[in-house]
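Remarks on the structure that follows.
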Amino acid sequence: MMTKLKNIKWNHYANYIVVAAFTLIFAILSLTGFLESSDKYLLEKIAIAITLAVSLSMVVGFLGELSLGHAGFMCIGAYIGGKTAVVLEPVLGEAPTLLISLLVGGAVAAVFGMIIGLPALRLRGDYLAIVTLAFGEIVRSIFMNSSRESFGGSLGLDTPRFNKDVLFIIAFVIVLACLAVTQNLIRSKHGRAITAIRDNEIAARATGIDVTKYKLLVFTVSSFFAGIAGVLYSYSNFTVQSTKFSYNYSIEILVMVVLGGMGNINGSIIAAALITFLDVELQTILTGNLAVLQDLIYALILIVLVIYNNAPALKPFREKHNLKAFIGKFRKPEPSKHRDDEAKWDRVPTKIKMDEVLSVDLQVSSPYTPDKAEKEEK
Amino acid sequence: MEFIETLINGLSMGSTYAVIALGYTMVYGIAKMLNFAHGDVIMVGGYLIYVSMVATKNPFIALGAAVVLCILLGVTIEKIAYKPLRGASPLAVLITAIGVSYLLQSSAQMIFGSAPKMVNIAELGNLKFAGLSIPVYTLITLGCSVIIMTALSIFVKYTKTGRAMIAVSEDKGAAQLMGINVNRIIMITFAIGSGLAAFAGLFMLMKSPSLSNTLGAMPGIKAFTAAVIGGIGSIPGAMLGGILMGVVEAVSYTIPPIAPYTDAIEFMLLIVILLVRPTGILGKKRREKV
């Protein structure tokens, strides 16, 4: 028994444990009446953001395709799920309605995800990005111009409420489910195939990976969870308005994924939670013209962070001053994995500065030539 | 008759899109990046026109000042935000561009407030001609755009700098070996694109005088869509795509049942065209090598 426990890679499960512990703490706080309704609303928003960020991270971080239409899938989920809830609520009661509308919203979004995945097979990179952006805008435009009876049109769709004490717990359970599906997929054989497609599609195809299947799979799963997040959103806000789901919102989700680190699920979770938390907290502090200040600072932080993390010129600086190196200072140095005669290929200079080479060759009688230096020592 | 009026309106709108799309497509062709902030340079151009109109009351001086300052803005953005990321992953550059876009929007809101400003460039009225009633601004837009596009085509084809641009868009490394200063060419491209954005700002203010900090967002996205439809990286493609987009928009606005779905129709057009021709109408097909 003990050896089995020892064999478990605990860091694989760390994020489940952390999220579950948070949920448990807040659930207890909520049941004992410590949480105000605004706190519960904040927790719901955080859970929705995490679900969105983790599901988008699958497409962007692991499949390596840029999607700017994640809000479109969320929009489908919110409207379809919300409508299902409106229709079923009087018949089935609260809890079964929530479950069914979550599934229906997710499933419909997944179908659309698959449909959008189809052009992904023919289009690359930026072209796919613009198609997903276009898709999101089409969806939004269709729901905005729907009739008042069907989806509420420009006034928005009023959706049923749910017990606020429980809703955020359900939302976090969904986060856990989303994490479980995503991580198990990524860590499986299929996940390795997906990252292989990201790293080199042609090579992946050549080794017999079914690129079509995996691309569709990732788009479907990702949009399924986006749809579910949409349904949660409709329950959390009681109303769904199409203006919320513009491409700006897709970009906000993308920013969470990028700031968290591409292909890093834990990073996405932290970034989503932090950004949502700051968003809501700052909204109450900064009002009027100061609210713009918040956007301004966000934009600046975004630019500076991305440049810092990606600029080729800053690479040596980053390697010297990153978190890992900082932690490494406190650890015992492990024996080097490189043998002495082994070349460290990441250190080979790719660029030779011609001036330096020439200046060394030309200054034959410079004071620092070895034999002169030796003479001076004597 | 009404159809001809619609068509002229569409051509005018389309040429505005084409002018914006040129900015997108040139930057994409040469720097291989989606300049998401391009739409917001239009917005800044609009505000610059507004400020200098208040100061001088002369639309020509206003336009001149806006063009010069937009060029400076474009070059500065390129220097500070995009240049350090040359050689980094395209996604990082895209996110930075999005950041710049937010930065421009929120700074404009900070300076000018969120209430829309009214800018009356000039009282132009309508031109009545052979039973047609055509707003004069559409003709000005159309005329200016034709001049801009012709001038740009000539510039790219026949000047040394223009041909250097083509060379850089074909193969950056080879161009560098031939003695072309790639950084300088990219800077010039941004300058031209931003200058065109100021013109687009003027065209849009002539069409509707209301000016807010999201002036450039939707037209920017649509013009980008137009550039992709035409084949991104191709200058004639941007013109074709822009005009196609404008005509579709104008025609769809006049048909009552589909009028509210105009945006959706335009984006559908993009998806359909990309499904048939994955690199746009005039885009070159590139073979991928391992």
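The values are calculated or read from the model by the stated rules, or taken from the named source; none is laboratory data. Keep in mind it's a predicted model, so treat the numbers as computed, not measured. Every residue, glycine among them, receives a Cβ derived from its backbone with ideal geometry; neighbour counts consider all protein chains shown.
Here A:SER141 fits the description: of a type in the set (S, T, N, Q) and more than 27 Å from A:GLU94 (Cα to Cα).
What number of residues in the range A:64-94 are surrounded by fewer than 24 Cβ atoms within 10 Å (Cβ to Cβ) and in a helix (DSSP H, G or I)? Qualifying residue count, the range A:64-94: 10. The set of residues from the range B:236-286 being assigned to a helix (DSSP H, G or I) and charged (D, E, K, R) comprises B:GLU249, B:ASP263, B:GLU266.
Would you mention how many residues in the range B:69-97 are of a type in the set (S, T, N, Q) and in contact with a helix residue (DSSP H, G or I) (Cβ under 6 Å, 6 or more places away or on another chain)?
So the answer is 1.
Of the residues making up the range A:127-168, just one is outside any helix (DSSP H, G or I), within 14 Å of chain B (Cβ to nearest Cβ) and of a type in the set (Phe, Trp, Tyr), namely A:PHE151.
Restricting attention to the range B:157-171, the residues being touching a residue at least 12 places away in the same chain (Cβ under 8 Å) and surrounded by fewer than 18 Cβ atoms within 10 Å (Cβ to Cβ) number 1.
Within the range B:124-145, residues that are assigned to a loop (DSSP other than H, G, I, E, B) have Cβ atoms under 8 Å from residues that are surrounded by 14 or more Cβ atoms within 10 Å (Cβ to Cβ) and among the aliphatic types (A, V, I, L, M) in these pairs: B:LEU124/B:VAL136; B:LEU124/B:ILE140; B:LEU124/B:MET206; B:GLY125/B:VAL136, counting only partners at least 6 apart in sequence or on another chain.
Residues of the range B:53-108 that are surrounded by fewer than 24 Cβ atoms within 10 Å (Cβ to Cβ), of a type outside the set (A, V, I, L, M) and more than 14 Å from chain A (Cβ to nearest Cβ): B:THR56, B:LYS57, B:ASN58, B:PRO59, B:PHE60, B:GLY64. Test each condition in (1) over 18 Å from B:SER169 (Cβ atoms); (2) surrounded by fewer than 24 Cβ atoms within 10 Å (Cβ to Cβ); (3) out of contact with any Phe, Trp or Tyr (no Cβ under 9 Å at 6 or more places or on another chain); (4) more than 9 Å from chain A (Cβ to nearest Cβ) for B:SER212 and report the one that comes out false. Failing condition for B:SER212: (3). Can you say whether A:ALA177 is surrounded by fewer than 18 Cβ atoms within 10 Å (Cβ to Cβ), within 22 Å of the chain's Cα centre (by Cα), away from chain B (no Cβ under 14 Å) and not polar (S, T, N, Q), as far as the supplied structure shows? Taking the combined requirement at face value, the residue satisfies it. Cβ-Cβ distance below 7 Å, separation of 6 or more or different chains: which pairs start in the range A:297-324 with a residue that is among the hydroxyl-bearing types (Ser, Thr, Tyr) and end on one that is at pLDDT 80 or above and part of a helix (DSSP H, G or I)? Matching pairs, first to second residue: A:TYR298/B:TYR102; A:TYR308/A:LEU314. Filtered by the rule that a residue be within 14 Å of another protein chain (Cβ to nearest Cβ), in a helix (DSSP H, G or I) and surrounded by fewer than 21 Cβ atoms within 10 Å (Cβ to Cβ), the range A:97-126 gives A:ILE115, A:LEU118, A:PRO119, A:GLY125, A:ASP126.
Looking at B:LEU202, B:LEU211, B:LEU274, B:LEU215, which is the one that is out of contact with any Ser or Thr (no Cβ under 8 Å at 6 or more places or on another chain) and at pLDDT 90 or above?
B:LEU202
Restricting attention to the range A:116-142, the residues that are modelled with pLDDT of 80 or more and either of a type in the set (A, V, I, L, M, F, W, C) or closer than 21 Å to A:GLY156 by Cα (or both) total 16.
In the range B:183-205, is there at least one residue being within 14 Å of chain A (Cβ to nearest Cβ), more than 30 Å from B:GLU123 (Cα to Cα) and either in contact with a helix residue (DSSP H, G or I) (Cβ under 8 Å, 6 or more places away or on another chain) or part of a helix (DSSP H, G or I) (or both)? Scanning the range B:183-205 turns up at least one residue that is within 14 Å of chain A (Cβ to nearest Cβ), more than 30 Å from B:GLU123 (Cα to Cα) and either in contact with a helix residue (DSSP H, G or I) (Cβ under 8 Å, 6 or more places away or on another chain) or part of a helix (DSSP H, G or I) (or both).
Could you tell me which residue of the range A:131-174 is surrounded by the most Cβ atoms within 10 Å (Cβ to Cβ), considering only residues that are in contact (Cβ under 8 Å) with a residue 40 or more places away in the chain, more than 30 Å from A:ALA21 (Cβ to Cβ) and of a type in the set (D, E, K, R)? Selected residue: A:GLU137.
All conditions but one from (1) within 10 Å of another protein chain (Cβ to nearest Cβ); (2) under 21 Å from B:GLY45 (Cα atoms); (3) under 22 Å from the mean Cα position of the chain (by Cα) apply to B:ILE111; the one that does not is (3).
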